[in-house]
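Laboratory data are not the source of any read-out in this text; all were calculated from the coordinates shown. Keep in mind that this is a model prediction, so the values were computed, not measured. A quick note on method: Cβ atoms are made from the backbone with ideal geometry, for glycine too, and the neighbour counts reach across all protein chains shown.
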Amino acid sequence: MDPEELRELQLNYLKKIVIHAYNNVKLYREKWNKAGVSPKDIKEIEDLHKLPIITKNDLKKFFPGGILAKNYSREDCYIISTSGSTGTPVRIFVERDRILFDIARSIVWSRFIGIRMGTIVGIVVSSRDSIEYVYGRGIPWFLRRRRFFTKRRMYRFDVRDDPKNHISAVNKIKPDSLLTYPSVLKNMALTALEEGITISQPRLIITFGEVLDMHTRKIIEKVFNSEIINVYGATETGTIASECLKHEGLHIAWNIIVELIKNGKPVSYGEPGQVVVTDLIKNATPIIRYSGLGDVAVMKRGWGTCNLKSPLLELIEGRLVDSVILKDGRIIHPYTLTLLIQDIPFIAKFQIIQKEVDEIEILIVPEKTKDTKTLPSSTENKLGREIRKRFKKELGDKMKINITFVEDIPRRPGSYTYATVLSLVSKELI
Ligand SMILES: [Zn+2]
């Protein structure tokens, strides 16, 4: 597909979904009427910005009746829910055949990039957030069949297990593909380095769910020489973009339109903006100009050089909630802060927490060797001084920087994942 063909295809789908949403979904009809816009105003893809932005709160407020399209019955849909670590989760309706679409696409995609997924090990959250929970009515029939698992040879492990158990599972099954979160891989890699264990090498590692920053990637690459592909997706939309084998950025899926917005305006190439997504084929609960993912990204110029012809996103800079905001209104993206630390030697893991607008706490897990099994007694050592110096330079002298050496980084409250940068100060870009 060339850019013109893609535009035409997307415009066709966009017009259809906008008419559908206006005629059948209360949330959109109310919001658009209030803003004085209607499907007639959408003549080009650029007209999308005329429609108001939909937030997490809108989806919550209008659930269930106001977000389920009139021409869908509840029986035709699954209710899926985000695993949100704070507040009530967002729930939306997804038509049953849409789930098949997502599975079919991932199989086609893996063939397209030239790597068959073969035997798969997934180390993911289980029970509460698993498919049984998410799809309230139980597992879809095609997944329930044992044959699906045995044929595709999928094995699932709980993310909360000890990294040593993850390593032995991978060594026993010797999978072709490994699917998990960056933090899980990092823990496996650190354990392997510490204990001198060799890990069986999958051909393909697919990471998702957390930001795969350079520091994490470097540690993972010390142990795994697999092809590492990062996928960006969300419960509300499914896959949004995935990395290619040339690692040029994240190729956006054809059915997704990504806008990057700052202060109500689209940003230019190379400038960070908040992700606003439109899913062109989701009908039961349409997702049109949705800002609820809270991610920050940069759009790359051009489509790259591989055969996955589509626009490229770069540097998913993590949830906006995890950007650090300064007194003067400057927004420091998490990636900038992780860059400050990632090349300092002897750091195994770290977490940066903005506690107040003028106070940053940095938790450091120093790398352990045979000689240094215990934590340094004071942060007034070379390591502490270097970190403090770099943060003051970036964030200004007035920022209070507290450093603590810890044995491990705590997980997010109520979640199984870790954050590299956490901000407890509230903010919104749009
Ligand atoms: Zn590419």
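Applying a DSSP loop filter and a limit of 13 other Cβ atoms within 10 Å to the trypsin sites (Lys or Arg not before Pro) in segment 1-50 leaves LYS43. Across the cross-link table entries LYS300/LYS389; LYS327/LYS398; LYS222/LYS368; LYS31/LYS60; LYS31/LYS61; LYS164/LYS368, which are compared at the Cα atoms, the separations over 22 Å belong to LYS300/LYS389.
Using the Karplus relation 6.51 cos²θ - 1.76 cosθ + 1.60 with θ = phi - 60°, the per-residue 3J(HN,Hα) values for segment 270-278 come to x, 9, x, x, 6, 6, 10, 10, 10 Hz, with x marking Gly and Pro. Applying a DSSP loop filter and a limit of 11 other Cβ atoms within 10 Å to the chymotrypsin sites (Phe, Trp or Tyr not before Pro) in segment 1-90 leaves nothing.
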